[in-house]
Structure formats: C-alpha cells, structure tokens
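The structure appears below as structure tokens.
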Amino acid sequence: MFSVEEAEKAIAAFPVTVRMESVPLRSAHDRFLAQDIVSPIAMPEFDKSAMDGYAIISRDPSPSFAVIEVIAAGIPPRLAITPGRCAKIMTGAMLPPGADRVVKRECTVEENGFMSIIAEDANDNIRRRGEDLQAGQRVLERGTRLRAAQIALLASLGLAEVPVATPPRVGILTTGNELVAPGSPLGPGQIYDSNSHSLSAQLRETGAEPVVLGGVADDPHSTERAIASGLETCDVLILSGGVSAGDFDFVPAAMKKSGFTLHFEKIAVQPGMPTVFASRGQQAAFGLPGNPVSTFVIFEIFIKPLLLRLLGHACRPGLQPAVLAAAFQRSRAERTLFVPVHVAAGRAELVSYHGSAHLHALSRANGLLRVPAGQNAIPAGSTVDVRLL
C-alpha cells in the first residue's frame, strides 16, 4: 500500500505533454495560457493626461494662459505649448509637445479664451509612456488561468488571439449494476449515479473536457470493452467502482488486459483506499472507489494535479489557516484522513460526517482537513491548514 506522499510522487512522475491551440480572446476566459505573453507595446502608449484640465509648461509664470486648442482622447494634438499658452485636455488624451504638466480643471477658471490657475495643484497629472509596461516585458506566465482581469489586460495590449492549452479529454466510466440515471425510477437495491455528475463538474472546474462514456455492467468483458473504447478518444480515463476486492470488482484486471501498467492499487488514505493509478504510453487511468465522497476526495487530492499539469499549470492547493472550533478525535490512525470542514471567519467547523457515502456532509463543506497517518487527535483551538475546495 502506498502512502499519500508516495502516491503523489508516482502520479507526478507521469510525463505530460501540453498541447496548444490559438483561440479568439472572447473565447479564452477560464483557459490556461500555453505560452508566456510579452507586451507588444508600451503602456501607456504615449504621455497622456490623467485628468480633465489644461496642459501647460510647469515653469511658466504667466498669470493667465491663452487656450490654443481642445484635445479630446483619441485625437492627436495639433499645436505645441509655448509660454503663455495652454491646451484644454481631456482624461486619456495625448499630451501636446512642450507641455510637462496638466492642471486639473477644478483648480482653474476659464474666461474669454484664457485660463487662470486659482488653486494649488501639486501633481503633474500625467501618465508617462511605459510607466505601467515596457514593450517586450513579460506580463503573463505560461500556465496562468485567464480570468476577467487577465482578459482585460490582453485586450489592452491589442491581442485578438491567445495561445492556450488544449483541454485534456477525460473519459468517465461508472461501473455497477445498481446504478440508475437521475430522473429514472429506482428499483429494489438500486441507487442513483452521482459519480459521473460530480466528476463532470470537477473536471469542468479544473479546465478539462469531460467525456461521459456511460455506465458499465459488473462484467469483466464489458469493462474491458469500455476501457478500450474510451482509449480511442480520451487522454485520461476515470473509472468509479469495481476497484476493491469483491467478486464483481474487475477494473484492475481489465486495465492490465488493456495494456496499462498499474503503478499502485491502494493508498493509505481515508476515504478512498482502493484507488488505482495506471498508465499506457501518454494515457493515464484512475480506478476510484464507488463511494461518492471517496470519488470526490480522490479527484481533488490526486487527479486534479495531473490534469493541471496537462494544462501547463502548477497545482498549488489553496490552504487557509483556521482555528479548529471543536476537538477532533479518531480511534484508528493507520491512514491519512481527509475530513470535510466548513471555514468561515478564521474558524474551521467539523461537519457532521457519517462516512464515504455521506454526500450531504460534503455539500456543506468548503474545505478538507488533512489528518496525517499516526495522528489520533487535534485539540480544539489548534491552528490547522484547511485545503479549500
């Protein structure tokens, strides 16, 4: 049985290739950059006014200034500023030659074509060319997830197309004769399939492309056929159920028959001990326990980092320090345990949790508390690091 750390190392050793495609900027939201982005231009592109006001020569002692033109944003100035003269200028407009200061409008009065300064304005109110960015400067790193702020930056640089990582296609197979699709009536002994839905949602949140391949009967030949079919179109396969030691757990053997090398079949983790990781060339496969909380947790801890590497992104789990509101205790500590908690206002509240099938508890949690193997208790008031979901 692998420890959590050994399992993480085995998955991290799987070689990945980040594929790239170019997409329109409007389609790039939530995608991952496949290349560094360098600015093709300086920002600002030219010296510009930061205020509505009047452009003057800062050392000009004139008591009033003749207004020689009005400069709007987007319209280049026509005239140079000389002593005794100024230009009325709008925010964002190009500074005229000769001017090195803009007096904001609130500090001036204009009458009969002349402007006078009536209040102190200590600022020059000019945004200088290149003060934000220089041409050729790296502005975004490969692997960056493009949110609204990054999209705005790329648009301001004039980029209409963006190089992004091609999302890995991840096939989802759910095994078990007892599974029924939501919306259908349940027969005796049957349960609804939640794993394909939770995995699809987790994959989308990660940035991968889910491919729901359907359910598989508890039969070795059906399992082998489903794996072979999935391998034709998918980069990664995730199978839930059929990985334990029961009479109807055929997934590990089917993976081997499909040409996979199994790197481990058990992890000293709770929930999710019977987890399988396998590879075949550049394709990877995971066999997860059928219990829905196990499936969810194993994806978060072990599968998400691999998928993010396929997207060129370094996985750095969000950890938030919090004070544990109530004492935690367990009777056995052979495995690393991940406990659902809810973090708010710096406090971590343990969620009432009945085990790896208790989805209602998971739905009320926003983080996982990691309890290392060998540790039985955490006193109330302890500061803990919560892995945010």
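The values are calculated or read from the model by the stated rules, or taken from the named source; none is laboratory data. Not measured: the values here are computed from a predicted model. Every residue, glycine among them, receives a Cβ derived from its backbone with ideal geometry; neighbour counts consider all protein chains shown.
Only residues that are part of a strand (DSSP E or B) and either among the small types (Gly, Ala, Ser) or touching a residue at least 60 places away in the same chain (Cβ under 8 Å) (or both): list them for region 289-329, please.
LEU319, GLN320, PRO321, ALA322, VAL323, LEU324
Are any residues in region 111-137 part of a strand (DSSP E or B) and either touching a residue at least 40 places away in the same chain (Cβ under 8 Å) or not aliphatic (A, V, I, L, M) (or both), and if so, which ones? So that I can check it myself, show each step before the final result.
So the first thing to find is which residues in region 111-137 are part of a strand (DSSP E or B), and the list is 111, 114-117, 126-127, 133.
Answer for region 111-137, where residues must be part of a strand (DSSP E or B) and either touching a residue at least 40 places away in the same chain (Cβ under 8 Å) or not aliphatic (A, V, I, L, M) (or both): GLU111, PHE114, MET115, SER116, ILE126, ARG127, LEU133.
What single numbered condition from (1) part of a loop (DSSP other than H, G, I, E, B); (2) not hydroxyl-bearing (Ser, Thr, Tyr); (3) not assigned by TED's automatic domain parsing to the domain that holds CYS234 fails to hold for ASN177?
In the conditions (1) part of a loop (DSSP other than H, G, I, E, B); (2) not hydroxyl-bearing (Ser, Thr, Tyr); (3) not assigned by TED's automatic domain parsing to the domain that holds CYS234, ASN177 misses (3) alone.
Scan region 238-257 and give yes if some residue there is within 16 Å of ALA10 (Cβ to Cβ) and among the basic types (Lys, Arg), otherwise no.
Looking for residues that are within 16 Å of ALA10 (Cβ to Cβ) and among the basic types (Lys, Arg), one finds none in region 238-257, hence no.
Give all pairs with beta carbons closer than 8 Å in which a residue from region 209-224 that is more than 13 Å from GLY171 (Cα to Cα) meets a residue that is of a type in the set (Phe, Trp, Tyr); count only pairs at least 6 apart in sequence or on separate chains.
Partner pairs satisfying both residue conditions: ASP218/PHE248; ASP218/PHE250; ASP219/PHE250; PRO220/PHE250; THR223/PHE250.
For VAL341, indicate whether it is over 21 Å from the mean Cα position of the chain (by Cα), of a type in the set (Val, Ile, Thr) and under 20 Å from LYS9 (Cβ atoms). Steps first, please.
Numbers: over 21 Å from the mean Cα position of the chain (by Cα): yes; of a type in the set (Val, Ile, Thr): yes; under 20 Å from LYS9 (Cβ atoms): no.
Criteria not met by VAL341.
Can you name the number of the only condition in (1) more than 25 Å from the chain's Cα centre (by Cα); (2) closer than 22 Å to GLY318 by Cβ; (3) not basic (Lys, Arg) that THR295 fails?
(1)
Residue by residue, here is whether (1) part of a loop (DSSP other than H, G, I, E, B); (2) in the same structural domain as LEU140 (by TED's automatic domain parsing); (3) among the aliphatic types (A, V, I, L, M) holds:
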position	(1), (2), (3)
GLY171	no, no, no
LEU186	yes, no, yes
ALA201	no, no, yes
ARG204	no, no, no
SER229	no, no, no
THR233	yes, no, no
LEU239	no, no, yes
ALA254	no, no, yes
